[in-house]
Structures are given as structure tokens and as C-alpha cells.
1. Work from the charge dipole of region 557-610 (Cβ charges, +1 for Lys and Arg, -1 for Asp and Glu, about the Cα centre) and give the residue of Ser568, Leu605, Thr585 farthest towards its positive end.
2. Express the accessible area of the chain per residue in Å², computed with a 1.4 Å probe while the remaining protein chains stay in the model.
3. So what is the 222 nm mean residue ellipticity for the chain from helices alone, if each DSSP H run of at least 4 adds -39500 (n - 2.57) and you divide by all residues, rounding to the nearest 500 deg cm²/dmol?
4. State to the nearest 20 debye the size of the charge dipole of region 557-610 about its Cα centre, where the only charges are +1 on K and R beta carbons and -1 on D and E beta carbons.
5. How far is it, in nm, from the label point at Ala489 to the one at Val455 when both lie 7 Å from their Cα along the line to the Cβ?
6. Which of the listed residues, Phe524, Ser429, Leu210, is farthest toward the dipole's positive end in the chain, when Lys, Arg count +1 and Asp, Glu count -1 at the beta-carbon?
7. How high is the relative contact order of the chain, given as a whole-number percent (alpha carbon pairs under 8 Å, six or more residues apart)?
8. Short version: what are the Cα gyration tensor semi-axes of the chain, square root of 5 times each eigenvalue, largest first, in whole Å?
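The values are calculated or read from the model by the stated rules, or taken from the named source; none is laboratory data. Please read all numbers here as calculations on a predicted model, not as lab measurements. Ideal geometry is used to build each Cβ from the backbone, glycine not excepted, and the neighbour counts take in all protein chains shown. For accessibility, only protein heavy atoms count, side chains too; no ligands or nucleic acids. Shrake-Rupley method; radii C 1.70, N 1.55, O 1.52, S 1.80 Å.
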Amino acid sequence: MGSCAGERGRAERRPGLFLFLLPLFCPALGEQIRYRIPEEMPTGSVVGNLAKDLGFSVQELPTRKLRVSSEKPYFTVSAESGDLLVSSRLDREEICGKNPTCALEFEAVAENPLNFYHVHVEIEDINDHTPKFTQNSFELQISESAQPGTRFILEVAEDADIGLNSLQKYKLSLNPSFSLIIKEKQDGSKYPELALEKTLDREQQSYHRLVLTALDGGDPPLSGTTELRIQVTDANDNPPVFNQDVYRVSLPENVPPGTTVLQVSATDQDEGVNSEITYSFYRTGQIFGLNSKSGEITTQKKLDFEEIKEYSMVVEARDGGGLVAQCTVEVNIQDENDNSPEVTFHSLLEMILENAVPGTLIALIKIYDRDSEENGEVNCRLEGEIPFKIISSSKNSYKLVTDGTLDREQTPEYNVTITAIDRGKPPLSSSISVILHISDVNDNAPVFHQASYLVSVAENNPPGASIAQVSASDPDLGLNGQVFYSIVASDLEPLALASYVSVSAQSGVVFAQRAFDYELLRAFELTLQARDHGSPALSTNVSLRVLVSDRNDNAPWVLYPALGPDGSALFDMVPRAAEPGYMVTKVVAVDADSGHNAWLSYHVLQASEP
Ligand SMILES: *[C@@H]1O[C@H](CO)[C@@H](O)[C@H](O)[C@H]1NC(C)=O
Ligand SMILES: *[C@@H]1O[C@H](CO)[C@@H](O)[C@H](O)[C@H]1NC(C)=O
């Protein structure tokens, strides 16, 4: 234990099968990294250089943010070196129990762009458990009438290691009356039986002590011992005999407590109380109950295949004289589809941009079903018509990727529901939903509400008067949708534009900067721009034509005849006998205004005698 510090795992890099099937996603799929390390490596030990094995350069490391996504944090990735490090205790026995192979599978997550890599770390067994008997000594009663060849089941030792490191053999201290026979259980594990070599003579020796040793196959082997204390009983007594040495039965999990498992049966050739048999468990079985009279074994609690797949117990039959026989009962639990698959989202992309290209990785979906075989084989599907799809990534994971174009302005969020269904009969399923928010990209230019603007302004307006308003809208979010107005061109050039008009950047209101004079200036055209604050910004132009209209601001002015200081003209040359219709004078007036404002009409207001 602990001697493996610094030892490196072995990596194999395997391009997966999907590469040629889905070339579009080739960087996202099918990478599998394999390492093999011994169990119990100290925390901080290097498993391998994950970054290097994934083909990342040292310079890339800070941006790729390589990390591990798993339910239990057995490993971490060093941010500096990209090494995969052991981060918690790796006890193979705790992780995998008696499974002959033990592997931790998880996803490595890289960002920018998001990608997942399947990592498989095989945990090798080390010989860190000693075979152990439950007690230091065991009692056994053997009748002196027992024939050579009679066998007695002995207590087994336990060794949590697997393979060669697990319990391999038993040895018995030398004694001419006894020998040891090693038998194998259905699961391959070994158990010892004591065989009688010679009949025993109680009068000569009523008590024997033997030492039973259990050894594993480690290098060096570890061992444990227990003492067998054999009491020789009187010949008049016959021990009970079971009709089978080993009883085997299969039982579906989920049978209700109280279900009969099987019935053991022993007979005894004696008469009277000496033939009355009482059954009991050699070691207390809490899961199973035993009827001491009938030998019927029943379940006492609910069984769970996912917890324990098989039970092995020793039943003793004891007669009234105290003689005992033993048999082994093995109960195999059969899996039933009693666990729904579980679906979880991992490493959900923080920001899904609306311009994400089809095939962009969004999340890793992990599937877990505690059942076995078909009951634990799970298919996944995505509900509804949405521009996403799931791609099988490794045995129990899928990748959620975009499958089509996104448009935040049209659909700002999606409810993504994934249903996992197993292949049990009947199948069990479960669903998980996640709301994916689509992030804004500045993909809309501001749009003016009119194709062009035309306003008419009466001349002599007060300087600073608002003369028009333009407005544009932009469906993007935040700064991407914030519109600012400006005047970018005009036909007033080379006149100083700024001294004529201005526009409010926020409101789009156009202000006159001076009083317009129709007589001088009659119309002008401005190009206004609406610009958003995206990066890069988008803009649209619109034209605003301003017509200056005349105001009646000039009084007619008499050109002829010339008026005196009192505003009157004197006509003294009219003949006395002038006929009606005689033209006295012609009055000519002018007006600086235009149109109606300059149409003059003449009236005689007053006539008087001098
Ligand atoms: C998402 O869709 C699922 C399945 O239709 C539904 O059960 C769930 O309530 C929805 N979630 C939200 C937040 O609308
Ligand atoms: C808007 O007008 C300015 C000035 O004439 C010009 O430089 C710019 O390219 C125009 N923008 C668009 C979007 O037409």
C-alpha cells in the first residue's frame, strides 16, 4: 500500500468509431483515453498527462480549462501541467467489490470550444487484504461411529481482494485422522471440508485441536488461521445427515418478505430425542429466516439485486444429543427492472450564442440505470421539434449539440426535454428538462420606421425648435439593441451643417439651430444614421428632406409714387375737366414674400375733398 507514489499509469489513445460516420463532429466525438493504475495510489499521484494525451499544447491549457466531470471526485486535472491526478482514495474493493475488472469512467471537459473526452481508468488490485476467519476457533462434534470419508463443512475465510490476491487455498495442520478437501462454489470461490481418514476412538482421545490456515495467492501470500476444536462423541449417537450437501436456488429480487426460498432437510437414524432435529443458521442470517422445526427458509426483508447478488449460508441440523451436521445454501438473486434510468445534465455550456454553428456542443448528458443487462440498457431521446439533437458519446453518455440555426429574436429559449427509457419488460423511463437560454449576438441592424422622412418648416422658426423626429428600432438585446442617432451627411455643404441642424442621439429629435429664411434657403436634405452599440456596431441610414415654407413676414412696399414723410403722395396735375376714367396715377407696390403672401391687391380706403 502506498508504495506506488510517482508511478505513472499507462495511456492508450483510441480514436473512436464515430469519426467516419459523423465527420461534421469529428473533433467532438470518439476520443477515448485509457489509463491503468494500481489501487490505493496516494492523493496527488499522477495518472497520466491528460492534456498531452488529448493533443493539447501547454499554451492552450489556460483557455481550454480542462477538468473532470464525474459524480465522485476521484481525479482532478492540474491546471499547470494538464496531469490527471488522484484526488481521493481509490480503494478497489470499495469501488468495485468482487468485480473481476474495475474501471472508473468519466468525461474530461475542455472549453473554448466545449468538448468532451471519455476517460477510462482501470484500477488494478493490490494485495492489501489478509484472508480472515470470523472467529479464532470453531467447535465441531464428530461421532466415533462416523465412517472414514465422512465430510464436515468448515468455516470459510474472507479476503476482499480479487484474482490471485484473493483467497486461493486452505491448509490443515497435520493429523493422521483428518484431511482437508477444497471445494468450489458456483461463483468459483473455494471452501474447505474436513474429511475423516480413520474412525475416531473417543475412549482414546476425546478432543482434537487442528489449525486451519487460509492463504491468498499474492506475492508474498498473506494468510489467516483459526483453530478447529473437535469433540468426539459417543458411538451410540448418530449425527443428523442432510439430504444434500449444497442447496442452490434462484430468487427474483422484489419478492415480498415471507416468501419461501427452499426447505432443507436432514434425517437422523437415532430414536427418541436423539433423532429430533433442530435447524439453525450457523451464522445468523438477517435477511433470511429459518423454521427450526421444518427447515423452511423464508425471506425476512426485501431483497435487492443491486445491493447483493448472491447469498451463501451454512445451516446446521442439531439432534437432541447435540450432534450437528451442516449444509450450504446458496441463493442467487435475479435482477428485475425495478430502477428507472436516471438522466443528468453535465457541463452545460454557459452561453449559447444565437450564431452557434450547427453541431456546437451544448452539454453532456449522463445516463445511469442501476439494473443489469437489458433492464439497465438505456436509450435516450430528445422530445419535440427543436434545433438540437443528442449523439451517443460513450456507453452511458450523450452529447447535446445544436442541429440547425438559432435566432434569439425568434426563439429566446428552448425547453429541452430528454427521456431515457430502458429495455426492461415492462420498460421504465424518466425525463429531465432544462431551459436553454439563447444569448444575443448583434445580428440585427436598426430599422427606421419610415423609408424616408419629409417635413415642412415655416421660415423664421425660433432657433432650437424641434422640426422633426426620426426613430428606428433594433430587436437585439442590451447594447446590441440600443440605438443612437446622428447626422452623417447633408446637401448643406459647404455650409456649416452644425449651425443649421442637430439631432438628439437618444431621441432622434431634429432641432433647427437657427431661424430659417425662405428667401435665402428653400429645401435641404439630411442623411441620418441609426447605430447600435454592438461590437461591431451595425447602422442604417435614412434621408430626411426639410422644406422651408414661406411665412407672410414682409409687408407690401409702395415703389411708386414716391411717398412723402407722412406716407402720402400729392397729385396736383389732374385737369379740372377730367372725364371719369381719367388715370390719375399708377400705384406700384412689391412684396418680398412668395406665393399668396406676395399677391397684392389694391384698394382705395378713403377719398376726401381738400
Ligand atoms: C418543459 O417541458 C416539459 C415536457 O413537456 C414540461 O414537463 C416542463 O414543465 C417544461 N418546463 C418548463 C419550465 O416549461
Ligand atoms: C451612411 O452614410 C454615410 C455617409 O454618407 C456613409 O459613409 C455610410 O456608408 C452610409 N451607411 C450605410 C449603411 O449606407
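1. About the Cα centre, the residue reaching furthest to the positive side is Thr585.
2. 54 Å²
3. -500 deg cm²/dmol
4. Dipole size: approximately 120 debye.
5. 2.1 nm
6. Most positive-ward Cα: Phe524.
7. Reported as a whole number, the value is 7 percent.
8. Values for the chain, descending: 108, 26, 16 Å.
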